[in-house]
Every structure is written in C-alpha cells, then in structure tokens.
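Report on the structure given below.
The values are calculated or read from the model by the stated rules, or taken from the named source; none is laboratory data. Values in this document were obtained by computation on a predicted structure and should not be read as measured data. As a convention, Cβ positions derive from the backbone with ideal geometry for all residues, glycine included, and neighbour counts pool all protein chains shown. Only protein heavy atoms, including side chains, enter the accessible area calculation; ligands, DNA and RNA are left aside. Shrake-Rupley method; radii C 1.70, N 1.55, O 1.52, S 1.80 Å.
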Amino acid sequence: GAGVSQSPSNKVTEKGKDVELRCDPISGHTALYWYRQRLGQGLEFLIYFQGNSAPDKSGLPSDRFSAERTGESVSTLTIQRTQQEDSAVYLCASSLDAPGSYEQYFGPGTRLTVT
Amino acid sequence: TQLLEQSPQFLSIQEGENLTVYCNSSSVFSSLQWYRQEPGEGPVLLVTVVTGGEVKKLKRLTFQFGDARKDSSLHITAAQPGDTGLYLCAGEKEQGAQKLVFGQGTRLTINP
C-alpha cells in the first residue's frame with residue numbers, strides 16, 4: 001500500500017512569507033505527527049494528532065507555527081512570517097492508534113529553505 | 001537539554017569492523033526504538049525493545065535495552081558500506097502515549 005507522502009518535497013521561500021506543508025498519512029492510521037529536523041540533527045517533535053482528541057501542540061516553537069488535520073486524513077503544517085532559523089526538513093509520520101503498535105511510518109519530508 | 005543522548009555523534013570505520021552506538025538517558029522509558037535514516041528519506045524503524053534487559057537481533061545488528069530501561073545500545077558486527085546512515089534512538093515515556101523523544105542521532109560511515 002501507499003506510504004506517507006508529503007508535499008512539496010522542496011520549498012524555497014523568502015523571509016517573512018507564509019508556507020504550507022502537506023502530509024498524507026497511511027490510510028487507517030489515526031495518529032499523525034510532525035517533526036522538524038535541522039541539518040545533521042535528530043528529530044524535534046512539533047505536534048501530534050490522535051483521532052478526535054485535541055492535538056498535542058507542546059512542541060510548536062512559536063505561535064507562527066500551526067497545524068490542522070481533516071478528520072483522520074490530510075494534515076497541513078503552516079509557518080507564518082518565516083524566519084531563516086525555520087530552515088529545516090519537516091517530517092510527517094503516522095501510526096496506528098492501538099496497543100502495541102509502536103511503529104511510526106515516516107514520509108520523505110519537506111526540505112524548507114528560507115532565504 | 002537532550003533527553004536522550006547518543007554517542008558517538010559521528011563514526012567512520014572500515015568495512016568489516018565492529019561498532020557499538022549508545023543511547024543514554026536519566027529517564028525511564030516504556031519502550032525504545034531504533035531507526036535508520038538515509039539521505040533524502042524519512043527514518044525507518046529497525047527494532048522496538050520494551051522489556052528491561054531485552055536483546056533483539058536483526059542479522060548483524062544486536063539491540064539491547066538496559067535493565068533499568070534508561071539506556072540502549074546498537075552493536076553492528078562486520079559492518080558493511082550498506083550500513084551507512086543516520087541511526088536514531090527514540091523513547092516512549094509512557095506506554096501507549098506514542099509521542100516519541102528522539103536522540104540527536106549517530107551518523108555512521110562505513111568505508112569500503
């Protein structure tokens with residue numbers, strides 16, 4: 001079956017512009033995550049959606065960052081008034097919301113460059 | 001402050017050598033996962049360990065979860081160039097929470 005897909009794969013934007021990143025999770029996966037990965041670094045948790053529960057936004061670095069999810073499908077991560085320090089790869093992952101289902105399946109990421 | 005510390009951060013060795021990567025924390029985790037990430041791709045799960053002291057083997061890779069569930073190690077025997085990549089450990093603090101805390105990664109290069 002299809003894996004997690006993300007678009008665009010690359011995005012170059014000017015400082016101060018808004019950007020929207022999209023994630024299509026694996027069908028049937030109720031949990032969806034966004035992470036940020038700076039060059040050569042590990043993954044930084046941003047936000048987590050689980051079914052109809054309120055999202056866990058504890059990892060969002062500032063109020064310029066927001067995310068939405070439509071039901072149990074597509075999610076968009078929006079960064080307003082982008083700054084150069086926002087440059088990173090943004091990874092989306094999805095997983096089953098079931099006991100013992102530990103694996104997160106990652107998309108290829110969106111590489112964001114703010115100039 | 002990094003909740004999960006990986007060491008070394010960079011490792012470059014010759015094909016055929018053995019190596020160990022460590023993932024340490026002062027916190028207890030209900031489970032710990034190891035991922036491998038290649039350039040331009042997302043991480044891919046290698047293994048999940050859930051029981052203190054657990055050892056899992058995946059071909060030439062051996063994973064161990066510490067008895068106190070605060071640390072883990074990844075040992076690769078007879079490394080091959082195809083093992084090159086970024087290795088990430090990730091811990092789940094509460095069972096079923098699914099929100100993972102990632103280490104900063106170990107970038108491994110195996111030279112032919």
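So which residues in the stretch A:53-65 are farther than 19 Å from residue A:104 by Cβ and surrounded by 14 or more Cβ atoms within 10 Å (Cβ to Cβ)? Spell out how you get there, then give the answer.
Initial filter on the stretch A:53-65 (farther than 19 Å from residue A:104 by Cβ): A:54, A:61-65.
Scanning the stretch A:53-65 gives A:64, A:65.
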Exercise. For the stretch A:1-15, name all the residues that are among the polar types (S, T, N, Q) and surrounded by fewer than 18 Cβ atoms within 10 Å (Cβ to Cβ).
Key: A:5, A:7, A:9, A:10, A:13
Quiz item: Is at least one residue of the stretch B:32-43 aromatic (Phe, Trp, Tyr) and open to solvent by 30 Å² or more (accessible area, probe 1.4 Å)?
Solution: no
Quiz prompt | Residue, surrounded by the fewest Cβ atoms within 10 Å (Cβ to Cβ), within the stretch B:73-112, restricted to residues that are more than 14 Å from chain A (Cβ to nearest Cβ) and among the small types (Gly, Ala, Ser) | solution = B:82
Quiz item: Of all the residues that make up the stretch A:16-32, how many are surrounded by 13 or more Cβ atoms within 10 Å (Cβ to Cβ) and in contact with an Asp or Glu (Cβ under 9 Å, 6 or more places away or on another chain)?
Solution: 6
Quiz item: So which of A:84, A:50, A:37, A:41 ends up being within 27 Å of residue B:4 (Cα to Cα) and surrounded by fewer than 12 Cβ atoms within 10 Å (Cβ to Cβ)?
Solution: A:84
Quiz item: Which pairs do you get when a residue that is under 15 Å from residue A:87 (Cβ atoms) and touching a residue at least 12 places away in the same chain (Cβ under 8 Å), found in the stretch A:1-12, comes within reach of a residue that is polar (S, T, N, Q) and loosely packed, with under 13 Cβ neighbours inside 10 Å, reach meaning Cβ atoms under 9 angstrom, with the pair 6+ apart or on two chains?
Solution: A:12/A:115
Quiz item: Assuming residue A:51 fulfils every condition listed in (1) within 14 Å of chain B (Cβ to nearest Cβ); (2) free of Cβ contacts under 8 Å to residues at least 12 places away in the same chain; (3) over 22 Å from residue B:88 (Cβ atoms); (4) among the small types (Gly, Ala, Ser) apart from one, which condition is it?
Solution: (2)
